[in-house]
Amino acid sequence: MSLSRRSAMILAAATLALAGCSGGQGDKGEAAGGASSGGGKVTVEWWNISTAEPLKSFWAKKVKEYQAAHPNVTIKNVPIENEAFKAKLTTVTQSGKTPDIFTTWGGGVLKQQVDAGLVKDLSSEAATWLADFTPAALSAYQFSGKTYGIPHDIGMVGFWYNKAHFAKAGITDTPKTWTEFLDAVKKLKAAGITPIALGGKEKWPGHYYWAYLAMRIAGLDALKQAAVDDDFTKPDFVTAGAKLKELVDLQPFQKGFLGAAYGTNNGQGAIMGNGKAAMELMGQWAPITQKDNGKGLGDDLGFFPFPSVEGGKGQPNDAFGGGGGYAVGANAPAEAVDFLRFISNKDSLSEAVKMGAVLPVLKGGESDVKDPNLSVVAQTLASASGFQLYLDQAYPPAVGQEVNDSVAALIAGSKTPEQVAQAITETAKSE
């Protein structure tokens, strides 16, 4: 999202967001340390991004179950679309408030909220159930040995593809290298098939390409070092942009992609789900979005990891992605932590995994993955040699936003690879 669009959304959401949160932090009794409020009426406000099925109905069911067992507690369940959520949460955190429980992706954004004193340290209150989670799932929410969020999903970004379109184009195997990938794009175009669906309007889907190319060319250590020295102008980062430009120059995306959203009935997921494109680079939630906003591809849907780049320093099976979790506001009542424990227990998370809504974050949860495509993702992730969190979450918010904006400009043809690297560096050094 551009800064101007983000500002507009923030202004539009400000009044509603502040009103919604102000009630969430008030009159909640004297509960602390995970104890009950002694029977007094308590409202817990929960902002999440589960606006699509099956999670939307699943969480609504869990809210009813919890309220039935705790008649003094009202869980105010507030599902908000991804981009609107980010704008709304930015507004309230800038005012020094948070909902009681809210979606977080961890990384640099959560770290800033922690540093501002807005988020509860869960290390002690959740100690007995934190031990059930895999270290990889927890890592994005931990800083200096303390835990500030509870993971509910983890996964990786890769290419979802239409097997029928590949067959029609004469592509007999999924691409393993960048050269093979570009060849596949050319074959699809020659067959009259749009190679790639992209929601260019929201920008974050486009940053996946540059991030993965940077991983494959420069390596994970280079991305970590860039977070320390704030320098993205090194040759490998410029080369990542140049490789992306090679793809862009082939005009692989659907018509109007710069104005297309992601999760709408005419967005990236719908275009893929309705068979109007052969591929999309997206996370593990892609099949659900394709079906929720389009028809879904059924048995024609397949998955393959992002290809390696010839001569690159990165490992070919390093994974890029992240997951979703929940943080608790610093002033939230004890019931907020208790409700989070309830929706984070083994039974709840196992049920969510089995229905294909999320991938497992608990130890030994791999056997619950029933969907064959998600099973491939889980297995690929399990064998990954390294893991990189989404760049717009791993880095401070302004840096992540600049990555999204600058890569979007490269894809639109208004910035060069060198200008992308320079813009990200300037923003990083100004933070």
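Applying the condition of being over 22 Å from K176 (Cα atoms) and surrounded by 21 or more Cβ atoms within 10 Å (Cβ to Cβ) to region 216-237 and asking which residue is nearest to the chain's Cα centre (by Cα) yields L223. Tell me whether region 348-361 contains one or more residues that are in a loop (DSSP other than H, G, I, E, B), surrounded by fewer than 19 Cβ atoms within 10 Å (Cβ to Cβ) and touching a Pro at 6+ places or on another chain (Cβ under 7 Å). Yes, region 348-361 contains a residue that is in a loop (DSSP other than H, G, I, E, B), surrounded by fewer than 19 Cβ atoms within 10 Å (Cβ to Cβ) and touching a Pro at 6+ places or on another chain (Cβ under 7 Å). Taking the criterion of being under 21 Å from S383 (Cβ atoms) and modelled with pLDDT of 95 or more, the residues of region 306-319 that qualify are F306, P307, S308, V309, G312, K313, G314. Could you say whether any residue in region 185-193 is under 15 Å from I271 (Cα atoms), of a type outside the set (F, W, Y) and in contact (Cβ under 8 Å) with a residue 60 or more places away in the chain? Among the residues of region 185-193, at least one is under 15 Å from I271 (Cα atoms), of a type outside the set (F, W, Y) and in contact (Cβ under 8 Å) with a residue 60 or more places away in the chain, which makes the answer yes.
Output the residue which, of all residues in region 79-137 that are of a type in the set (G, A, S) and surrounded by 15 or more Cβ atoms within 10 Å (Cβ to Cβ), is farthest from D153 (Cα to Cα). The extreme case among them is A87. If you go through region 254-297 and keep only what is more than 20 Å from the chain's Cα centre (by Cα) and open to solvent by less than 10 Å² (accessible area, probe 1.4 Å), you end up with A277, A278. Scanning region 185-207 for residues that are open to solvent by 10 Å² or more (accessible area, probe 1.4 Å) and not in a loop (DSSP other than H, G, I, E, B) yields K186, K187, K189, A190, W204. Filtering G219, G263 for residues that are of a type in the set (G, A, S) and at pLDDT below 95 leaves a single hit, G263. Highlighted here are the helices (runs of 4 or more DSSP H) found entirely within region 367-431 that include at least 1 residues which are modelled with pLDDT of 95 or more: 397-412, 417-430. Within region 83-109, the set of residues being of a type in the set (S, T, N, Q) and under 18 Å from G149 (Cα atoms) comprises T90, T93, T98, T103, T104.
The criterion of at least 1 residues that are hydroxyl-bearing (S, T, Y) and in contact (Cβ under 8 Å) with a residue 12 or more places away in the chain is met, among helices (runs of 4 or more DSSP H) falling completely within region 57-164, by 82-94.
What about F320, is it open to solvent by less than 10 Å² (accessible area, probe 1.4 Å), of a type outside the set (K, R), closer than 21 Å to G108 by Cβ and under 23 Å from the mean Cα position of the chain (by Cα)? Answer is yes for this residue. Taken across region 209-225, residues that are in a loop (DSSP other than H, G, I, E, B) and of a type in the set (A, V, I, L, M, F, W, C) do not occur at all. Quick check, is G323 more than 18 Å from A136 (Cβ to Cβ) and of a type outside the set (A, V, I, L, M, F, W, C)? So G323 fails the test.
Taken over region 292-309, residues that are more than 23 Å from G206 (Cβ to Cβ) and either among the hydrophobic types (A, V, I, L, M, F, W, C) or in contact with a helix residue (DSSP H, G or I) (Cβ under 7 Å, 6 or more places away or on another chain) (or both) amount to 3.
Within region 333-347, the set of residues being open to solvent by 10 Å² or more (accessible area, probe 1.4 Å) and in a loop (DSSP other than H, G, I, E, B) comprises just one member, N345.
The values are calculated or read from the model by the stated rules, or taken from the named source; none is laboratory data. Keep in mind that this is a model prediction, so the values were computed, not measured. We place every Cβ from the backbone using ideal geometry, glycine too, and count neighbours over all the protein chains shown. What goes into the accessible areas is simple: the full protein's heavy atoms, side chains included, and nothing from ligands, DNA or RNA. Shrake-Rupley method; radii C 1.70, N 1.55, O 1.52, S 1.80 Å.
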